[in-house]
1. Based on DSSP, what percent of beta bridges with both residues in the chain are antiparallel, to the nearest 5?
2. First compute the accessible area of the stretch 1-99 with a 1.4 Å probe, then give the percent of it belonging to carbon and sulfur atoms.
3. Which of the peptides 162-175, 179-192 is most tightly packed, and how do the rest follow, going by the mean number of other Cβ atoms within 10 Å of each residue?
4. Just by accessible area at a 1.4 angstrom probe, what is the order of Ile206, Ile195 from largest to smallest?
5. Mean Kyte-Doolittle of at least -1.0 and a Cα length of 15 Å or more along the axis: which whole DSSP H helices of the chain meet both?
6. Go ahead and set up a Gaussian network model of the chain, Cα springs under 10 Å, then flag whichever of Asn142, Asn65, Asn98 fluctuates most.
7. Taking the inverse of the average 1/r across all pairs of different Cα atoms in the stretch 22-63, what Kirkwood radius in Å do you get?
8. If I take the Cα coordinates of the stretch 176-235 and project them onto the principal axes, what are the three extents in Å, biggest first?
Amino acid sequence: MNVRQFDRYEEMSRHAAFAVAAQIRQKPDSVLGLATGSTPIALYEDLVKLYQDGLISFRNVKTFNLDEYCGLSTGHPESYHSFMEQHLFSKIDILKENTHLMDGCAKDPAEECRRYEAEIAAAGGIDLQILGIGLDGHIGFNEPDSNFSADSHMVELDASTREANARFFNGDIAKVPTSALTMGMRCIMSARRVILISSGEKKHEILKKALSGPVCPEVPASILQLHPNVDIMFC
Ligand code: PGA
């Protein structure tokens, strides 16, 4: 595990963006696992710049997002479909059919998760997975006490996660969905390379637990200690 601390968010984001760009240049048809939330926003801005400068192309790249809220239509402004469209997909040359997110309104969530896993497998698995980390140590929406070998599934969101994300819903926790579909730990751990980015001192304590505490379901991100190729970048 490579762990690197940066003084500034912008510096960390550029470093992460360069790692993604290096991956795409080396393998133009890379399969990327993508994250949402406030942390990867500058990373996506940097990727857009690298694309605009002609240094990378997403023409043959495929993407799979970690998670999606249940009950939000794809066009809802706070859906992760909308987030990805706004921050990345609408600004680069990726083909719409190569971008994948789970459908949070699927009638049969378990079937939707199975379909998603099958699509990832058909794409050849994830080359590079970007992760954020929640204040409770979640990765994707795998909350504490998640099964480390779970496939993608539906989860009830912890109160602390809904509280943290209320800022995206005009501060109104009642508007934050109570459940979500998430890539399972097995899928995340199957990625050939993982980059976890974390911004802000308030996450230092959970990061320390995840990186040097016991590997245990109470701290979901601690499973990354058992991944052979993971970079932790934090500021
Ligand atoms: P954040 O979310 O980037 O908005 O802090 C991270 C996460 O919950 O994974």
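1. 30 percent
2. Values: 2170 of 4720 Å².
Percent of accessible area from carbon and sulfur atoms in the stretch 1-99: 46.
3. Result, highest mean Cβ count within 10 Å first: 179-192, 162-175.
4. On the way: Ile206 20, Ile195 0 Å².
Greatest to least solvent exposure: Ile206, Ile195.
5. Values: long enough: 9-26 (26 Å, -0.33); 41-52 (17 Å, 0.41); 109-122 (20 Å, -0.84).
Once both thresholds are applied, what remains is 9-26, 41-52, 109-122.
6. Highest fluctuation of the listed residues: Asn98.
7. Kirkwood hydrodynamic radius for the stretch 22-63: 10.9 Å.
8. So the extents along the principal axes, rounded to whole Å, are 30, 28, 20.
The values are calculated or read from the model by the stated rules, or taken from the named source; none is laboratory data. Remember, it's a predicted structure, so these values are computed and weren't measured experimentally. Neighbour counts are summed over all protein chains in view; Cβ atoms, including those assigned to glycine, are modelled from backbone coordinates with ideal geometry. Only protein heavy atoms, including side chains, enter the accessible area calculation; ligands, DNA and RNA are left aside. Shrake-Rupley method; radii C 1.70, N 1.55, O 1.52, S 1.80 Å.
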